[in-house]
Structures are given as structure tokens and as C-alpha cells.
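The values are calculated or read from the model by the stated rules, or taken from the named source; none is laboratory data. Every value quoted in this text rests on a predicted model; they were computed, and no experiment measured them. Neighbour counts run over all protein chains shown; Cβ positions are idealised from the backbone, glycine included. Calculation scope for accessible area: heavy atoms of the full protein, side chains included, ligands and nucleic acids excluded. Shrake-Rupley method; radii C 1.70, N 1.55, O 1.52, S 1.80 Å.
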Amino acid sequence: MTLQMDLPTADEYPTRKAPEPALLYRQDPTVWSGDATGPFTAEELSDYGRRGYTQVASMVDAQEVERYRAELKRLSDDRALRKDERVVVEPTSDEVRSVFEVHKISEVFSDLVNDPRLVDRARQILGSDVYVHQSRVNYKPGFGGGSFYWHSDFETWHAEDGMPRMRAVSFSVALTDNYTHNGALMIMPGSHKTFVSCVGETPEDHYRSSLKSQHVGTPDQASLALLAERHGIDVLTGSAGDVTVFDSNCMHGSGGNITPFPRSNVFIVYNSVENACDKPFSASSARPGFLASSDTTPAGR
């Protein structure tokens, strides 16, 4: 008789397990395919591997932007949708901050997440078919859009969702112009090569509070200062219709928006079908499916 035992999965990116933070070397490639066949040129892939991000100007045309903006407004005006757990409001107001799993709520955004302009680039970077790990629309209205503190998405996806490897990529489709002064995305270029192991145990149902203001899973100030000194900070300005593509482990964040100019975007995370999430590495239970999908059906198929 053979006994079968569930052996613990090796954790090469331990976090929320030690009393002190740590900086760990990345164990995974940034570009998995090594193949320039696709929308990105070899030079663009090399640049992405070095910086951890790239920007594609005017990937979405003006007519499409207007269509997405109209859908954005329809969703924010839907009072019934406010009762849905997938909708997050600003902690200091009743303004909608994010709508998650938006590709399942909206046919308009379902078309976008399956658009070959995005999917083919994700496949090229990750070297496999991809599925949607998470999607959302982000609103950052004028005169009050809140900030997002520095963080690595992979730290949360690994700790709370059970994502094994750094084999996911995020696409941010700008629906408004991004200025230096209206809460544009900031990234530390090259920071994706270092994993910041954070301190503090994951509370039960942590997602309920972290979607409004995250504390557990955010880097310590000493680690942030070291990364900023080493890599600097890029402020990603651009026009509506531009798309920013960035690695899951990039250290990034954004300031609040006290200007009259809103900043809104559609955010899509593609994960390799070979990197499906399993048990969380540093949480007692996995987050809900609208934050970390268990549906690994390939996008764009």
C-alpha cells in the first residue's frame, strides 16, 4: 500500500514569515520566450527585460477610448452595482475607486481583455498561453483620487493567491491623459529583479481592508529607499490610448490626485497557464475569485 502525502510547495519567495524584511534575488526570467516573433521587437523585449516595463503609444485609438470611457461612466453610475463586493469605493468618500472582474461584468471590457493587441504581447513575454488572473477599472477622479502606496503586485499574488512564479504581466490601458501632477503611475525601473520580503502576518479576510488601504504586504521604508537610490523613479506620463506593460514584481505606486484632471485606466493581469495559482504561501485561505481567478481558460482563444 502506497501512502500519498501532500508535500509543502517550496517557497523561493518567502514573505510575511520573518520578523525582519529582506531583499531576495529574483529566481525567474523576466522574458520567458526569448523569441522576438510577435508584436514586440527584439530590442523592445530586451528593454522590457532590463527596466521591467515598457509603454506602447496609441495602442488604443480615440474612438475606442471614448467607448471605454462611456462604459466606465455607466459602471460608476450603476447604483445597484455599488452593492457588489467587486466594487471598491474611496475610503474618504462614496466615489468609486475600482471595479474588479470587469471583463465578466462588461462585454465591452471582455472584448478588450481578449484583444490580440494585448494578448499576443502577453504571450510573447510569458512564453505560453495566458489567462486573466485579474481585471479591473481604476477611477482616480479630480480633487480627491486617493494614492496607492509602493508595492510589488507579485508579493500579494504569491502570499495571498498562491501564484508560484514571477510569470505574470500587467497591462494598464490609459483612458485619460497621465500628467506628472494627476497621480501618474511611478515605477522603479529594474526593481523587478529584487523581491522585497515583507513583515507581518496576513490577517483573515485581509482583502476587505487592503483594497482600500494596504498595510500588510507593503515594503519597509529602508528597502524602498535602497531600491530608489539604486534604480531611481520613472513617472509614466502619456496620453489616453497609451498602454503600459509591466512585470509582476515591479515596485510601483501612485500619488493622490488633487488636480481637476481625472486619471482612469483599465488594468488587466495576464498569468501564464503554466503558472496557475495553488494554495496561498502566506495566508490561511485564498482571496475570492474576482481578485484571483481560478479560471485558466486561455485569453484570446
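Please give the per residue accessible area of the stretch 153-249, computed with a probe of 1.4 Å over protein heavy atoms only, in Å².
Accessible area per residue, the stretch 153-249: 34 Å².
Looking only at E204, E66, E12, which one moves most when the chain is put into a Gaussian network model with springs between Cα atoms under 10 Å?
E204
Quick one: Karplus J couplings for the stretch 276-289, per residue in order, coefficients 6.51, -1.76, 1.60, θ = phi - 60°, nearest Hz, x for Gly and Pro?
4, 6, 10, 6, x, 7, 8, 8, 6, 8, 6, 6, x, x
Going by Cα centres, the stretch 190-206 and the stretch 39-104 are how many Å apart?
24
Over the stretch 213-261, what lengths in whole Å, largest first, do the semi-axes of the equivalent ellipsoid take, defined as the square roots of 5 times the eigenvalues of the alpha-carbon gyration tensor?
Working: eigenvalues 105, 48, 31 Å².
Square roots of five times the eigenvalues give 23, 15, 12 Å.
Tell me the volume per residue, in Å³, of the convex hull enclosing the alpha carbons of the chain. Display every interim value, and only then the final one.
Numbers: hull volume 44.8 nm³, N = 301.
Per-residue hull volume (Cα only) is 149 Å³.
Which whole-Hz ³J(HN,Hα) couplings does the stretch 161-171 yield from phi under the Karplus relation 6.51 cos²θ - 1.76 cosθ + 1.60, θ = phi - 60°, glycine and proline marked x?
Result, rounded to whole Hz: 10, x, 6, x, 10, 7, 10, 9, 9, 10, 10.
Amide H of L175: which non-local residues (sequence gap of 5 or more, or other chain) have their own amide H closer than 5 Å, using H built in the peptide plane?
The list, which skips near neighbours in sequence, is G241, S264, N265, V266.
Mind putting together the pair-distance distribution for the stretch 171-301? All Cα pairs, 10 Å bins, whole percent per bin, short to long.
10, 32, 40, 18, 1
What does the charge add up to near S172, with Lys and Arg as +1, Asp and Glu as -1, over the other residues with Cβ less than 11 Å from its Cβ?
It works out to a net charge of +1.
Please work out, to two decimal places, the log10 of the ratio I(q)/I(0) at q = 0.14, 0.18, 0.24, 0.25 Å⁻¹ from a Debye calculation in which every Cα of the stretch 71-155 carries one identical scatterer.
Ignoring solvent entirely, the Cα scatterers give -0.60, -0.91, -1.21, -1.24.
If you roll a 1.4 angstrom probe over the protein chains with everything in place, what fraction of the accessible area of the chain belongs to carbon and sulfur, to the nearest %?
Looking at the chain in its full context, I get 51 percent from C and S.
Output wanted: per-residue J couplings in Hz (rounded whole) for the stretch 102-119, from phi through Karplus 6.51 cos²θ - 1.76 cosθ + 1.60, θ = phi - 60°, x for Gly and Pro.
Per residue, the Karplus-derived 3J(HN,Hα) values read 5, 6, 9, 8, 10, 5, 4, 7, 5, 4, 5, 5, 9, 5, x, 4, 8, 4 Hz.
About the Cα centre, and with charges only on the beta carbon of Lys, Arg (+1) and Asp, Glu (-1), how big is the dipole of the stretch 177-301? Nearest 20 debye, please.
120
Taking only DSSP H segments of four or more residues, each worth -39500 (n - 2.57), what value at 222 nm results for the chain once the sum is divided by all its residues, to the nearest 500 deg cm²/dmol?
-6000 deg cm²/dmol
Restricting to lysines 8 or more places apart or on different chains, can you count the pairs in the chain with Cα atoms under 18 Å from each other?
7
If eta is 0.890 mPa s and T is 25 °C, what Stokes-Einstein diffusion coefficient results for the stretch 117-205, Kirkwood Rh from Cα pairs, in µm²/s?
Rounded, D is 155 µm²/s.
Starting from the amide H of A299, placed 1.01 Å from N in the peptide plane, find each other amide H under 5 Å away whose residue is 5 or more places distant or on another chain.
Excluding prolines and chain starts, which carry no amide H, the hits are V130, Y131, V132.
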